[in-house]
């Protein structure tokens, strides 16, 4: 009986402390994917950073920092370390990422945080686009929504604006749709 209990506890401990992998898109249009493994140590650091959030605004601040770290660790394992903000600064290098790569990958990273219980004041929505003349999508971003508000506010989580490893830009969705964000 004790042997079975020890085996069960060992299996449960392994499930709780297992590394996690996420596919990160690159190459423009998610042409290629790098399978990035995040160690339990890295995820423990993320947990501690996110646990310092005391409300939705502070969670967004921690989230921007966390995503920068997750992308930096991904850059240690792949060519995405070459990615620069926007579409022109990385000049055809391997690992470059467009807004489709970023919106897809950031959404995947956000879901990782949700699975681990690290987001307390936001939920993850599908990526959104902002359109030229209201018709043609010209830029995509990951999106989160506050969960504690009577009228939930939505925010873009846009890592495309910054070089690999820098904090993501988080803006109100409506402002972003009107063109807000760094000029890259």
- Message: Taking the criterion of being surrounded by fewer than 16 Cβ atoms within 10 Å (Cβ to Cβ), modelled with pLDDT under 95 and under 24 Å from residue 55 (Cβ atoms), would at least one residue in segment 151-173 satisfy it?
- Response: yes
- Query: Looking at (1) more than 18 Å from residue 64 (Cα to Cα); (2) touching a helix residue (DSSP H, G or I) at 6+ places or on another chain (Cβ under 8 Å); (3) modelled with pLDDT of 95 or more, which is the only condition residue 116 fails?
  - Reply: (1)
- Note on the structure: residue 111: passes all of (1) closer than 16 Å to residue 23 by Cβ; (2) under 12 Å from the mean Cα position of the chain (by Cα); (3) buried (at least 19 other Cβ atoms within 10 Å of the Cβ) but (3)
- Condition check for residue 80: in contact with a helix residue (DSSP H, G or I) (Cβ under 6 Å, 6 or more places away or on another chain) and either modelled with pLDDT under 95 or over 23 Å from residue 171 (Cα atoms) (or both): yes
- Could you run through segment 138-155 and say how many residues are free of Cβ contacts under 8 Å to residues at least 40 places away in the same chain and closer than 22 Å to residue 24 by Cα? 2
- Task: With the condition kept exactly as written, say whether any residue in segment 90-112 is without any contact (Cβ under 8 Å) to a residue 12 or more places away in the chain and touching a strand residue (DSSP E or B) at 6+ places or on another chain (Cβ under 8 Å).
- Result: no
- Residues (surrounded by 13 or more Cβ atoms within 10 Å (Cβ to Cβ) and assigned to a loop (DSSP other than H, G, I, E, B)) located in segment 17-28: 27, 28
- Among the residues of segment 44-82, which ones are exposed (fewer than 14 other Cβ atoms within 10 Å of the Cβ) and not in a helix (DSSP H, G or I)? 52, 54, 55, 76
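The values are calculated or read from the model by the stated rules, or taken from the named source; none is laboratory data. The structure presented is a predicted model; accordingly, all values stated were derived computationally and were not measured. Note that each Cβ is placed from the backbone with ideal geometry, even for glycine, and that neighbours are counted across all protein chains shown.
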